[in-house]
Amino acid sequence: MSQLEIFDDSAELGADLNLLECMTAARKAFVERICEESASKEAHVIEMLRLDSAYQLAEFMYLLRARGIASEAQIRLLADLHNDYIVNLARDEQKMARLGLNPNHLLDAMFTSDTMPRLLQHWREHPGAIDQSNLARFLFALMSAETCRKVLVACEAAGFIRRQKTAAGALLVVSRGVLEDIFGEYLRGLRQSIATGATP
Amino acid sequence: MSRHPVIGLVLAAGLFAAVMQGCGAAQAPEFTQADEAVIANNEALVRLRASNPEGLRRILDALAMARTRQLLPRSEAGRAATSPDGTSPPFDPARNPDLVFLQRASPEAAHDLFQLLKQAARQK
């Protein structure tokens, strides 16, 4: 379809614009909501909560819950799929470049014989809990481990998560469910506004 | 989203400045002490200064405006990325701390992660 056809039909164009307005308004509302819900109003906390990385963390946590990933078998499968994904990514240099990754990032993100048991043990003892390093592994293609850490620190200050140190020295990230709820409301609101055609 | 937004931004600024020079409208930009500190702290900006000071001026203005609005982290470690054609040095976040925020996540990566979670959810 040529660009002219895209812009020719005013009714279609109006519907497109309505969709875009719904999407941008929903994303804006999401950011405003997590900032409102934050227990801390410190500038450095709010600054981190407004980043795309906070949205991506919320999306990941929402998906874990919405997809019902709760059993040890499921988190093991997710980690295995994650490792397979990395192996395939390592064979695809173009995609690696597209994602801004290099082989070292891939190696660091793999679940190994050291980190996999820790992931499963934490999940078994505290369902839904992932230690900070392993959470960063799952999110490696979206953000650096350092960005992940900073977002988690901000989320802890906001009261969205707890970070508790285990006896082995790992930092266990336990969600309080706030991020998942806000993300779910954002998604539901967006879907409903698109379905009804109501502009925000 | 461009593969390498920082490089893209630099190139875009360079193109703009080149056009302005062609029109004879460009004047030598001035840099404050604060600008100098940011430039010295970011390898890509040091390189740009030699080749395109006007483009550098515009980037510094954009950074200052964004920082005024408190949108940017002051410093943040991130991932390195090589240039698309391999002709320029790789972007090193450690050497360009003020530009790291421009390194956006890929929608492709987000979609991949969505698919992994979808597959894992099939296991009961």
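Cα centroid separation, segment A:92-151 to segment A:159-200: 19 Å. What FRET efficiency do you get for A:Arg91 and A:Glu146 if R0 is 22 Å and r is their Cβ-Cβ distance, rounded to the nearest 0.05? FRET efficiency, A:Arg91 to A:Glu146: 0.25. Given R0 = 22 Å, the distance between the Cβ atoms of A:Thr166 and A:Met110 translates into a calculated FRET efficiency of 0.55. Note on A:Lys28 and A:Arg191: their simple-model spin labels are 2.4 nm apart, each label 7 Å out from Cα toward Cβ. Dividing the helix sum by the residues of chain A, where each DSSP H run of 4 or more adds -39500 (n - 2.57), gives a mean residue ellipticity at 222 nm of -22000 deg cm²/dmol.
The phi torsions of segment A:85-90, fed into the Karplus equation with coefficients 6.51, -1.76 and 1.60 and a -60° offset, translate into couplings of 4, 5, 4, 5, 5, 5 Hz, rounded to whole numbers, with Gly and Pro shown as x. When the listed pairs A:Lys41/B:Lys124; A:Lys150/B:Lys118; A:Lys41/B:Lys118 are checked against a 31 Å cut-off, the alpha-carbon distance exceeds it for A:Lys41/B:Lys124; A:Lys41/B:Lys118. Each residue of segment A:121-129 is assigned a 3J(HN,Hα), and the resulting list reads 4, 4, 5, 5, 7, 9, x, x, 8 Hz, derived from the Karplus form 6.51 cos²θ - 1.76 cosθ + 1.60 (θ = phi - 60°), x at Gly and Pro.
Quick note: the coordinates plus some simple rules give every number you see, no bench work behind them. On a predicted model such as this, the values are computed, not experimentally measured, just so you know. Ideal geometry is used to build each Cβ from the backbone, glycine not excepted, and the neighbour counts take in all protein chains shown.
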